[in-house]
Structure formats: C-alpha cells, structure tokens
Amino acid sequence: MNLQTTAVLATSSGYSLPFHYIPGGIMNDQLPPQPDTPPVGEQPIPAPPVDPPAMPAPAAKRTITPLAAGAIGLVLGAGIVGGIWGITAASGPGKPATFTLNGEFVLTDEVLTVGDSCRGRAGSGYEDIAEGTSVTVYGAKGDVVATGNLGNSKISDTGLACTFKVAVEDVPKGETFYKVEVSHRGTVQLSAKEAENGELAASLG
C-alpha cells in the first residue's frame, strides 16, 4: 500500500506551498503551469444586460363625448332662452303702457307753516293733509289702478294756502276717465287726456 504524505514547503518568495511525497517521483517546489483561461466548464457567467429605464407612457388626452357636449349645449341654451323670456316678460307687449299723473293739490283753510313746508293745522279737521298723505287713482270701473302720495309743499305769499305737488307713477293707459282722491276727502274726475297731460288741479278748504 502506497502512502501519500502532505507537508508545507517554504518557497524563496516567502509563500508556503504544499508538497507531496510521491513514491518514485521527484520532489520540487515548483507549481505546475496554470492555464491562461479557466476550463470551459468554469467560464464566468456574464452579468445580465441592464435594461434602460422605461419611459413613462404619455398621458391620455381627455375628450368630451358627444353626449356630454350635447348636455352642456342644452344647459347653455336653456339659460339663454330663459334670459330672453325674462326680458320679454318685463318689457314685452303684454305689459300695458303707463304714465305719471302730475298736478297740484291746494289746502286753502287752516294752514300751518312748518319750516319751509306747510300742512293742515292740528285739531282743525285738516290735520290729515300733509306731505306723504295718500293719493289714490281709480279707473273708469271704480277699481284702484295706481297709488301715490302728496309731495313737497309750499306756503303761499299770503300764508293762507298750502300747495302740494302730486306725481302718481305707473298709471295704466286705456281708461276713458280717471278719478283722483287725496286721503279720504272725495274724488276729482279727469278725462284720459287731462290725466295724461298732467292737468290735475284740486283744492280743499
């Protein structure tokens, strides 16, 4: 039986190399020649190629579908039509023409001067006659067609009469005649022409 013994041989370069006792062989400290490339079975495995970073996909453009476009058009169209209807309702032919009934009302008895204005004296029976007193306009059928108030007042030079401005707005045209009442003092009748021309001239006292 052949025995093989392993020992360590110190080389001249300072490295320790193993050496063997081989029966019938020659012992030395030289390494056998090494192949320049590893055997075929021991070729290094190349690293897998690195893929370039993926580019982000472009964002999809959002488009309005025909159904959505139709709904938007319907809403806008309804708004425009509604606005036109509103304007027509406010100023269309269905609204009657109107005028402002202008004139004067004069109190000739128991007049009281108050600063630059005047009015009926308290306790005289004319205390309801003053700036702001109601003025009612009636149509030919006796129905109320407009209301207003006595306007600014002015005392006469003699101090015996108080004149009030009258301007009742939005009186509808088309009546054959009108009646005008100040407070509850009875009515004064005017023709349609007189009323539209501002020819009211009424007095009390």
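The values are calculated or read from the model by the stated rules, or taken from the named source; none is laboratory data. Here the structure is a predicted model, which is why all the values come from computation and not from measurement. Note that we place each Cβ from the backbone using ideal geometry, even for glycine, and neighbour counts take in every protein chain shown.
Where residues in the stretch 161-194 are more than 47 Å from the chain's Cα centre (by Cα) and among the polar types (S, T, N, Q), which of them is nearest to Val106 (Cα to Cα)?
Only one residue tops the list, namely Thr163.
Restricting to the stretch 135-162, count the residues that are surrounded by fewer than 17 Cβ atoms within 10 Å (Cβ to Cβ), of a type in the set (Val, Ile, Thr) and either touching a Gly at 6+ places or on another chain (Cβ under 9 Å) or under 16 Å from Ser203 (Cβ atoms) (or both).
Residues that pass the stated criteria total 1.
Restricting attention to the stretch 107-132, which residues are surrounded by fewer than 16 Cβ atoms within 10 Å (Cβ to Cβ), of a type in the set (A, V, I, L, M, F, W, C) and not in a loop (DSSP other than H, G, I, E, B)? So that I can check it myself, show each step before the final result.
Going through the stretch 107-132, the residues surrounded by fewer than 16 Cβ atoms within 10 Å (Cβ to Cβ) turn out to be 108, 113-117, 122-125, 127-128, 132.
Within this subset, residues satisfying the condition of being of a type in the set (A, V, I, L, M, F, W, C) are 114, 122.
Answer for the stretch 107-132, where residues must be surrounded by fewer than 16 Cβ atoms within 10 Å (Cβ to Cβ), of a type in the set (A, V, I, L, M, F, W, C) and not in a loop (DSSP other than H, G, I, E, B): just Val114.
Kindly indicate whether any position in the stretch 90-98 is at pLDDT 95 or above and surrounded by 10 or more Cβ atoms within 10 Å (Cβ to Cβ). Even if it seems obvious, please write down each step before you answer.
Quick first cut of the stretch 90-98, residues at pLDDT 95 or above only: 97-98.
In the following step, the residues that additionally are surrounded by 10 or more Cβ atoms within 10 Å (Cβ to Cβ) were identified as 98.
So far as the stretch 90-98 goes, yes, one or more of its residues are at pLDDT 95 or above and surrounded by 10 or more Cβ atoms within 10 Å (Cβ to Cβ).
Mind checking which residues of the stretch 161-205 are of a type outside the set (Asp, Glu) and in a loop (DSSP other than H, G, I, E, B)? Step through it out loud before you land on a result.
Step one: list which residues in the stretch 161-205 are of a type outside the set (Asp, Glu), which gives 161-168, 171-174, 176-180, 182-193, 195, 197-198, 200-205.
Scanning the stretch 161-205 gives Ala161, Lys173, Gly174, Thr176, Ser183, His184, Arg185, Gly186, Asn197, Gly198, Gly205.
Kindly establish whether Ser183 is in contact with a Ser or Thr (Cβ under 7 Å, 6 or more places away or on another chain), buried (at least 16 other Cβ atoms within 10 Å of the Cβ) and free of Cβ contacts under 8 Å to residues at least 40 places away in the same chain.
When the stated conditions are applied, Ser183 does not pass them.
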